[in-house]
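A short worksheet on the structure shown next.
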């Protein structure tokens, strides 16, 4: 049975047998993402990385098959809008990395800030 634990970043995550399942982007794994993920390692026995492309990342979080998706690289509103709707309907959140508020849409600039997706 899964034991819920608090994520050090402030989210309530569903931990899979003490394994934190982290989704990373196939094409946007950068130094900032590496540092963020490295900081998640301490409280958990093990991190499992899921390297997948496209909006499938949001679906894995919504299904409970992964715990957190840090996106510390550029995205546009059209990359995240549908995924955020799915996440929020499943009880999760997609929040701005800097202020932990939900991503906003129809902004003057269509670029998204860095974000964290979690359930």
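The values are calculated or read from the model by the stated rules, or taken from the named source; none is laboratory data. Since the model is a prediction, treat every value here as computed from it, not as a measurement. Cβ placement follows ideal geometry from the backbone for every residue including glycine, while neighbour counts extend to all protein chains displayed.
So here's what we get for this one:
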| item | result |
| --- | --- |
| Qualifying residue in segment 23-36 (condition: part of a helix (DSSP H, G or I) and in contact with a helix residue (DSSP H, G or I) (Cβ under 9 Å, 6 or more places away or on another chain)) | no |
| Test result for residue 57, on the phi < 0 side of the Ramachandran plot and modelled with pLDDT under 85 | no |
| Strands (runs of 3 or more DSSP E) (entirely within segment 37-114) containing at least 3 residues that are surrounded by fewer than 18 Cβ atoms within 10 Å (Cβ to Cβ) | 46-52 |
| Residue check, residue 8 at pLDDT 90 or above and either over 11 Å from the mean Cα position of the chain (by Cα) or not in a helix (DSSP H, G or I) (or both) | no |
| Cβ pairs under 8 Å, 6+ apart, first in segment 96-109 and touching a residue at least 60 places away in the same chain (Cβ under 8 Å), second surrounded by fewer than 12 Cβ atoms within 10 Å (Cβ to Cβ) and in a loop (DSSP other than H, G, I, E, B) | 100/10 |
| Scan of segment 42-59 for residues that are free of Cβ contacts under 8 Å to residues at least 12 places away in the same chain and more than 17 Å from residue 119 (Cβ to Cβ), ordered by number | 54 |
